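Input: a single structure, listed below in structure tokens.
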Amino acid sequence: MSTLRLVWEVIRYRPGRFFFCMFMWTLVHGSPLLFGILIGRVFDRLADGGSVAETAWGPAIVFAVLAIGRNLIIWLGDRVWIKHWIEQSLQLRRNLLRWVLEAPGSRVLPLAPGEAVSTFRDDVDDLLEYMENWVDMGGLVLFGVGSVWIMASIDAGLTGLLLIPILLTLVITQALSPQIRKRRRAMRSATDQVTGFIGEAFGGVQAIKLAAAERPVLDRFHQLNTVRHKAALSDTVLTEVLRGVNRNMSTITIAIVLLVAADAIGDGRFSIGDLAIFLTYLPRLTDYMAFAGDIIAQHRRTGVAYERIRALSVDAPDHELLDRARVSLQGDLPHIELPDIGIAPLRRLEVRDLSHWFPDGGEGIGGVDFAVERGSFTVVTGKIGSGKSTLVRALLGLVPSRGEVLWNDQPVEDLASFFVPPRSAYTAQVPRLFSESLADNIALGQHAARERLREAVQLAVLDPDLERLEMGLHTMIGARGVKLSGGQVQRSAAARMLATEAELLVFDDLSSALDIHTETELWRRLLAQRDVTCIVVSHRRAALQRADQILLMDRGRLVDRGTLAELLGHSELMRSLWAEAGEAA
Amino acid sequence: MTASPSYRATLTTYLGPHRGRVTILVILLLGSIGLQLVIPLILRTFIDSAIAGSAASGLAIAGIAYLVAGVVNQLLDAFASYLGADIGWSATNRLREELSSHLFSLDMGFHNDTTPGEMIERVDGDVTAISEFISRFLVRLVAAGVLLTGVVVVCWFEAPMMGLTVTIYVVLVLALLIRLRKLAVAAAEEERETSASLYGFIEERLAGVDDIRSLGAGRFTMARFVPVMRDFYTRTNLAWQKRIIVWVSANTAFWAGDALALIVGVWLVVRGSITAGTAYLILQYVQLVRRPIEQMTQELQELQKAAGGIVRIDQLRRLETSIVDGEVELPPGPLAIEFEEVSFSYQDRGVLEGVSFRLEPGRSLGLLGRTGGGKTTITRLISRLYDPDHGVVRVGGHDLRRVRSDSLRGSIGVVTQDVQLFRATVRDNLTFFAPRPDDEILAALDAVGLGSWIRGVGLGTELGSAGQGLSAGEQQLLAFARVFLQDPGVVILDEPSSRLDPVTEMLLATATERIYAGRTVVIIAHRLETVRTTDQIMVVEAGRIVEHGPRETLGADPDSRYSGLLATGRGGLLGDTRP
């Protein structure tokens, strides 16, 4: 999509507001044309002196009224524009987030969450800043054409001469302004380096003291400071150069006018008022040219910003990212219930020839076949890096895969959108919680789940913790759940999964944060109360002993399967894993 | 402790070393101010001469004067900005480094009470505020003040009515803007908070994208996003509307100034007090004072920010460490460690009570006991991160209070559980940024079994912050490599309590064995496995030694706590319930 097309699609969200603002800004940028003429009148009359001077009152007072009225227009226009900008920024952010969270297919974010946020923030802002230029565009053109026309009607030759430095401003600015951005970025990253280093150095001050490394660490700090110092100066230099170009061009144009007028005023071809008009227009015209130069530079950048937004979405079509559905800014909050997808209860799940490769060429999993019956307990085990987690993630469509998955003998088309509650639910190895109350984390906004909250908490062995938390289920758990211990996070995530009442439960290794007694208790409660089908990644005895079936993974392959007794009987690998599990217990 | 900031002291301390450049800066600024005052005067002369019908050549000279003055002024101004920034950064980078050096010298009591985030705020945030104060106070505030004064003086000189008008105008607008500025500051803070919560929401959900998608919670999350968006919309809108009011008010004041200049100009010309050229001069001057007025209001506010920074940094600089350096140099090779009736308390909480023991040179001691019992404190007293309240700690027979600290640091190597790694290369992480020959570094990595790994990826490999990309075991191995590089006679180890994968476990075991050779070793054990090779065992509970003796003797005595631990089994019983 071309950048102009893109801007048009963005504008179409609320074209009424956009064109209203454009109209207001055309007035704001165009009105200085009148100011020039009025100031010209005033000084023509003052120059004549005597009784004519007294008629200078008129244009002076008109100027006063217009100058103040113009600010009123700015204020009215800005009031609308601000609302429009914020709403539109939310529209684009909402579209992107919605695609990432809801779109079909598997989704692996191409960036770390921290970096991805900068696309949500900076790239969306870039896009809107560019759109903002188009609001100014009408006024810029009006003033540009109008002022040149007025000046040319006073002295065409002189005006022609002035166009050279004026256009030069445009050319130089558009060439230099990308450089400014680059240096700002260098400055920011140098600053990040410095603050990051201070944080690390004082975080590890004990290690530094113990190693008597104060001197070399300070030397390193000095190096980073120097880099930042240089980056800051380089930024200052370029900013000053740009400003210099702008201001000097303005000076040069006025000097040219003065030199030409020196001749022309004498023979009456050029009045003092004409001079005042030129002096009023020229600085503004060079300013606007610099602005236009910046717009040209932004035009190129905008395409890149949109590309980054698209890249983050991986595969969103333009009409999704630019969806014009209004952002809900007032009225009742949307009330959403789980759609009744009328599922067939799970009888049997079958996996055929499931494979996954990591994009960086790392080992994935290949050719895995197995089946799971209703009500059974399947444990996936193996050494670290054997592909256990990858297997369940591929099955659930969290990473792209090849092969076939059958639900009650029916092939599943899109794993990612199929394997959701009420069919299945999943707890990741490192589950993520959100900075809301514990109850909201477990129910995840689903009203139905709220009713099952107590039961889910009890099943997940989270009830003893609740007594110790000050506000119980209403405790705000902090960003990413920092106020909870590792085990509490793990159990909360389990409760979150159990609250969905899904048919198939997939646990990816609870052991890293649960002690052995808690894990045993969790399995006991879960299996005692519910007719559930479980797939569990684990190397703990507590899980292995309960398994109806164990899937033994090694280097990305399913190398063996069977009950614990069978595997201990014939698999050397299983025996060593079992022994290791004992060590841990 | 003074509560009021010492602006003058700050200026002389940090600008003193740059006296020469500061003088140049002042000259540049004065030159630029002079030219800014002169340029409108040139235009006035031009207009008046043109009306009087002067010769074209005279007018042309005014035109050329305008060009020269304009370009020179711009150059002076640009150079002044550059110089101001340069001086500001030189001065404050020095302040940052001095302050860090001072903070490093403070004892661990201070550092345990502060977070790295606070330190970033002090060493960078506050110092940056001071930098703004230094570079801007001179360049902007003073220059703006001089320029404003200049304009007012010239106007009074031209015509008293004109002087009066401009003076009243400047005072009124300054008062208005200073008042409005507060509104703008509140708005900016509000805005920062609001965006933090919007992007916080987004960041958390992106981090949990697997959880959300696998639980089919995408639509619910988007529904939850609605109130977040509404909050962002309402609050950002409010903040921006405030900001726009500030901006439009200032702009109205400035344009009203233009109108006032025109009207007063017309009035004075009609009365015959001034010429048309001088009327134009008023207009020019009123436009000229816009920028300094804006700068003054902005800088006055920066000044308040800097004041806080100056006071806080002053307080930090007054802090002194309670650990006083000694003079004795420790000999190389393994050294004896001796505690004599040592007691230590931290924040009024007793941590150690009358601890006495002796470890011969080259022998090893395993420390057992529950977390919080005092094991770590014993090791910190050996490396003199603290001094004991009572009793004496001796290393190599010398009271630590009499030993030179750099000599002590060179003689003791420490491996902690949480390995401190920097976002830097492997090389810098091992040497703490000090230069060391590559073959020595490689030899140290060979000793811990990471030699083949590092030859594959190179010493220049960047490690992420907090050792991102390395497992806990690998981080521990790097800490071991640091010790091999240092080659001290005494080593203190705090064994990792989390479970490691078997390969790393084996590498660690081998590395530990090598460390033992020819060194005095104290090791905090979380697993009994670890102390099976130490010469002595010491069990510490609630700040006291409850058992101490040769491992073999204790192991053979069925009543000892050690053999009790051996009999009941494994790591869990050592009391480390940490996940």
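Hey, does the range B:403-412 have a residue that's among the small types (Gly, Ala, Ser), within 11 Å of chain A (Cβ to nearest Cβ) and free of Cβ contacts under 8 Å to residues at least 24 places away in the same chain?
no
Taking residue B:96 and the conditions (1) surrounded by 21 or more Cβ atoms within 10 Å (Cβ to Cβ); (2) more than 10 Å from chain A (Cβ to nearest Cβ); (3) in contact with a Phe, Trp or Tyr (Cβ under 8 Å, 6 or more places away or on another chain), which numbered condition does it fall short on, given that it satisfies the others?
Condition (2) is where residue B:96 drops out.
Determine whether residue B:390 is in contact with a Ser or Thr (Cβ under 6 Å, 6 or more places away or on another chain), on the phi < 0 side of the Ramachandran plot and not aliphatic (A, V, I, L, M).
yes
Yes or no, residue by residue, for (1) more than 17 Å from residue A:386 (Cα to Cα); (2) surrounded by fewer than 19 Cβ atoms within 10 Å (Cβ to Cβ):
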residue: A:533; (1), (2): yes, no
residue: A:538; (1), (2): no, no
residue: A:542; (1), (2): yes, no
residue: A:547; (1), (2): yes, no
residue: A:552; (1), (2): no, no
residue: A:558; (1), (2): no, no
residue: A:561; (1), (2): no, yes
residue: A:571; (1), (2): no, no
residue: A:577; (1), (2): no, no
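Can you tell me which residue among A:433, A:406 is under 29 Å from the mean Cα position of the chain (by Cα), closer than 24 Å to residue A:388 by Cα and touching a residue at least 12 places away in the same chain (Cβ under 8 Å)?
After applying the criteria, what remains is A:433.
Could you say whether any residue in the range B:423-432 is in contact (Cβ under 8 Å) with a residue 40 or more places away in the chain and surrounded by fewer than 18 Cβ atoms within 10 Å (Cβ to Cβ)?
The answer is no; no qualifying residue exists.
Could you go through the range B:374-394 and let me know if any residue there is free of Cβ contacts under 8 Å to residues at least 40 places away in the same chain and either part of a strand (DSSP E or B) or over 31 Å from the mean Cα position of the chain (by Cα) (or both).
Scanning the range B:374-394, I find no residue that is free of Cβ contacts under 8 Å to residues at least 40 places away in the same chain and either part of a strand (DSSP E or B) or over 31 Å from the mean Cα position of the chain (by Cα) (or both), so the answer is no.
Does residue B:165 satisfy the condition of being polar (S, T, N, Q) and either surrounded by fewer than 17 Cβ atoms within 10 Å (Cβ to Cβ) or not in a helix (DSSP H, G or I) (or both)?
Spelling it out, it is not the case that residue B:165 is polar (S, T, N, Q) and either surrounded by fewer than 17 Cβ atoms within 10 Å (Cβ to Cβ) or not in a helix (DSSP H, G or I) (or both).
Scan the range A:302-320 for residues that are more than 18 Å from residue A:108 (Cβ to Cβ) and surrounded by fewer than 19 Cβ atoms within 10 Å (Cβ to Cβ) and report the count.
Residues in the range A:302-320 being more than 18 Å from residue A:108 (Cβ to Cβ) and surrounded by fewer than 19 Cβ atoms within 10 Å (Cβ to Cβ): 7 in total.
Which of the residues belonging to the range B:93-118 are part of a helix (DSSP H, G or I) and at pLDDT below 75?
B:109, B:112, B:116, B:117, B:118
Sort through A:227, A:245, A:237 and tell me the only one that's more than 8 Å from chain B (Cβ to nearest Cβ), modelled with pLDDT of 85 or more and closer than 30 Å to residue B:424 by Cα.
None of the other options fit; the residue is A:227.
Answer yes or no as to whether residue B:567 is part of a helix (DSSP H, G or I), within 29 Å of residue A:579 (Cα to Cα), modelled with pLDDT under 75 and more than 14 Å from chain A (Cβ to nearest Cβ).
yes
All but one of (1) part of a helix (DSSP H, G or I); (2) at pLDDT below 80; (3) surrounded by 20 or more Cβ atoms within 10 Å (Cβ to Cβ) hold for residue B:496; state the number of the condition that does not hold.
(1)
Might you check whether a residue that is within 14 Å of chain A (Cβ to nearest Cβ), part of a helix (DSSP H, G or I) and either over 27 Å from residue B:274 (Cα atoms) or modelled with pLDDT under 85 (or both) occurs anywhere in the range B:138-154?
yes
What single numbered condition from (1) surrounded by fewer than 21 Cβ atoms within 10 Å (Cβ to Cβ); (2) out of contact with any Asp or Glu (no Cβ under 8 Å at 6 or more places or on another chain); (3) over 30 Å from residue B:224 (Cα atoms) fails to hold for residue A:47?
For residue A:47, the exception is condition (1).
Out of A:125, A:192, which single residue is exposed (fewer than 14 other Cβ atoms within 10 Å of the Cβ) and within 14 Å of chain B (Cβ to nearest Cβ)?
Within the list A:125, A:192, the selection yields A:192.
If I go through the range B:414-448 residue by residue, how many of them are at the interface with chain A (Cβ under 8 Å from one of its Cβ atoms) and touching a strand residue (DSSP E or B) at 6+ places or on another chain (Cβ under 6 Å)?
Residues meeting the conditions: 2.
State which residue is farthest from the other protein chains (Cβ to nearest Cβ) when the search covers only the range B:223-235 and only residues that are surrounded by fewer than 20 Cβ atoms within 10 Å (Cβ to Cβ) and aliphatic (A, V, I, L, M).
So, considering only residues that are surrounded by fewer than 20 Cβ atoms within 10 Å (Cβ to Cβ) and aliphatic (A, V, I, L, M), the one farthest from the other protein chains (Cβ to nearest Cβ) is B:228.
Quick check on this structure: which one of A:509, A:515 is crowded, with 18+ Cβ neighbours inside 10 Å, closer than 24 Å to residue A:392 by Cα and modelled with pLDDT under 85?
A:509
Which one of A:33, A:46, A:92, A:111 is at pLDDT below 95 and either closer than 30 Å to residue A:400 by Cβ or more than 10 Å from chain B (Cβ to nearest Cβ) (or both)?
Within the list A:33, A:46, A:92, A:111, the selection yields A:111.
Listed residues A:257, A:245; which is surrounded by 22 or more Cβ atoms within 10 Å (Cβ to Cβ), touching a residue at least 24 places away in the same chain (Cβ under 8 Å) and of a type in the set (Val, Ile, Thr)?
None of the others qualify; the one that does is A:257.
Conditions (1) facing another protein chain (nearest Cβ under 9 Å); (2) in contact (Cβ under 8 Å) with a residue 24 or more places away in the chain; (3) in a helix (DSSP H, G or I), marked per residue:
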{"residue": "A:263", "(1), (2), (3)": "yes, no, yes"}
{"residue": "A:275", "(1), (2), (3)": "yes, yes, yes"}
{"residue": "A:279", "(1), (2), (3)": "yes, yes, yes"}
{"residue": "A:289", "(1), (2), (3)": "no, yes, yes"}
{"residue": "A:292", "(1), (2), (3)": "no, yes, yes"}
{"residue": "A:296", "(1), (2), (3)": "no, yes, yes"}
{"residue": "A:299", "(1), (2), (3)": "no, yes, yes"}
{"residue": "A:303", "(1), (2), (3)": "no, yes, yes"}
{"residue": "A:308", "(1), (2), (3)": "no, yes, yes"}
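The values are calculated or read from the model by the stated rules, or taken from the named source; none is laboratory data. Everything numeric here is computed off the predicted structure, so don't read it as measured data. Glycine also receives a Cβ, built like all others from the backbone with ideal geometry; neighbour counts cover every protein chain displayed.
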